[in-house]
Amino acid sequence: MPTISPAAWEHSQTVSAHISRLIGESGGVLPFDKYMEHVLYAPGLGYYAAGAVKLGPAGDFVTAPETGLLFGQCLADEVADILGHMPNAAILEFGAGSGRLAEVLIQTLAALNRLPSRYIIIELSPDLRDRQQRTLAALADKVGVPIEWRDQMPEPGVEAVVIANEVLDAFPVTRFRVEKDGVRHAGVREKEQGFSWDWSSPILSQGPEFDVARRFSLAEGYETENSPRAMAWVRMLGELLTRGVVLIIDYGYPEEEYFLPDRHKGTLRCHYRHHAHDDPFVLMGIQDITCHVNFSAVAQAARRSGFEILGYTSQEAYLLALGLLDKASHASTDDDRAQLLLASEVKRLVLPSQMGEAFKVMGLGKNWSADLNGFGLRDRSHRL
Ligand SMILES: C[S@@+](CC[C@H](N)C(=O)[O-])C[C@H]1O[C@@H](n2cnc3c(N)ncnc32)[C@H](O)[C@@H]1O
């Protein structure tokens, strides 16, 4: 495990005291989704709400927009096409991270003369919002696109292209275990030193987790996660949008793969300084906790919310269909170092051993009839 600075250590102790208080107030056990919500988002304390570096080489993980320009340029081509059908639409980006994707999108769309009517960023993290404002203020003035920041959904009645890159994996999840006669939700309790899983909640023989356990014949002892908040998010988008397209990019699987027998410990992962592990009860408030996305569940929630599935594919197939290789060859240079960085950017985005296969792209359309170019090479919607 990488070393921890004294300030980070002190912060994690403060978060730990906060959790300890919450557990006391909840009668000794805190539901896991509440725990995850607090360690990630409690104001002034949580990982996303208390100023940790998070993204990039000095942070804990690197997202696609942080690798260079190509990811954003490919996405901009898709968005430009969508805005061609809906010229008054807004772009609505959830969890914009450092603001890098918004920056590349706005620059590229300005060059293509296809700017949105406004760019709305929904960001829960105060320090990421500051960072985004620093990155984007001058650009917004220069190209003349209004950028609005919000910490919750706008009012219904919006036409928009919605973008969520690595956002759904950051939603707090419930965790459950299959028992002989049903399923049990995980909680968190204190132990002599620190915290641990608690499995004392009542056994449930109905509900979405029970249905999953039965449908996939999950063996006794199987542990996995469910993300009711991802479903609620899709439902809210259904209420919000009069017309539009939603692009979800994240790591995840269709349900047949999500609930494979081998994946019997679920998909919960923690990230600290580019080191991945599976203990959510350490480094509280200074490490990221994430969970893979069940894209079949997202698709079901989307269909019930008035969306059509426009496509589902790997990040590799999506970016190649949007001309990643042409863009890379265009950006080619005689500068050896720049060329090396470009090659490693391409590899990172598309190689199956890197982000190419683990990351998926899903397109949802509401009152939408045009095809999306990104799904032109390979569409795996039939596997959802
Ligand atoms: C892993 S980061 C990804 C950042 C950025 N999209 C990127 O790709 O670099 C997750 C982001 O999602 C944000 N987030 C989490 N839950 C959210 C929600 N319900 N609404 C909006 N943003 C959210 C976090 O604050 C953070 O900015």
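Looking only at segment 80-105, how many residues end up being of a type in the set (A, V, I, L, M, F, W, C) and within 15 Å of the ligand (Cβ to nearest atom)? Matching residues across segment 80-105 total 8.
Taking first residues from segment 216-236 that are in contact (Cβ under 8 Å) with a residue 60 or more places away in the chain and partners that are of a type in the set (S, T, N, Q) and in a loop (DSSP other than H, G, I, E, B), the Cβ contacts under 8 Å between residues at least 6 apart in sequence or on separate chains come to 225/267; 234/305; 235/305.
Of the residues making up segment 136-184, those that are within 16 Å of the chain's Cα centre (by Cα) and closer than 24 Å to residue 84 by Cβ number 4. The strands (runs of 3 or more DSSP E) found wholly in segment 167-259 and carrying at least 3 residues that are over 19 Å from residue 23 (Cα atoms) occupy 174-179, 223-226, 241-253.
Picking from residues in segment 249-280 that are small (Gly, Ala, Ser) and within 16 Å of the ligand (Cβ to nearest atom), the one that is surrounded by the fewest Cβ atoms within 10 Å (Cβ to Cβ) is 276. Beta carbons closer than 6 Å, at least 6 apart along the sequence or on distinct chains, pair a first residue in segment 38-67 that is at negative phi and more than 12 Å from the ligand (Cβ to nearest atom) with a second that is modelled with pLDDT under 90 and open to solvent by 10 Å² or more (accessible area, probe 1.4 Å) for 43/49. Candidates 55, 83: the one that is within 30 Å of residue 158 (Cβ to Cβ), in contact with a strand residue (DSSP E or B) (Cβ under 8 Å, 6 or more places away or on another chain) and open to solvent by 10 Å² or more (accessible area, probe 1.4 Å) is 55. The residue pairs whose first member lies in segment 149-165 and is acidic (Asp, Glu), whose second member is within 8 Å of the ligand (Cβ to nearest atom), and whose beta carbons are closer than 9 Å, counting only pairs six or more residues apart or on different chains, are 151/122; 151/123; 151/124. Across segment 121-144, the number of residues qualifying as assigned to a helix (DSSP H, G or I) and more than 16 Å from the ligand (Cβ to nearest atom) comes to 7. Pairing each residue of segment 88-108 that is free of Cβ contacts under 8 Å to residues at least 40 places away in the same chain and closer than 14 Å to residue 167 by Cβ with any residue that is among the small types (Gly, Ala, Ser) and within 11 Å of the ligand (Cβ to nearest atom), provided the two are 6+ apart or on different chains, yields C-beta distances under 6 Å for 96/102.
The values are calculated or read from the model by the stated rules, or taken from the named source; none is laboratory data. Just so it is clear, the model here is predicted, and its values are computed rather than measured. Heads up, the Cβs are rebuilt from the backbone with ideal geometry, glycines too, and the neighbour counts pull from every protein chain shown. Side chains included, ligands, DNA and RNA excluded: accessible areas come from the protein's heavy atoms. Shrake-Rupley method; radii C 1.70, N 1.55, O 1.52, S 1.80 Å.
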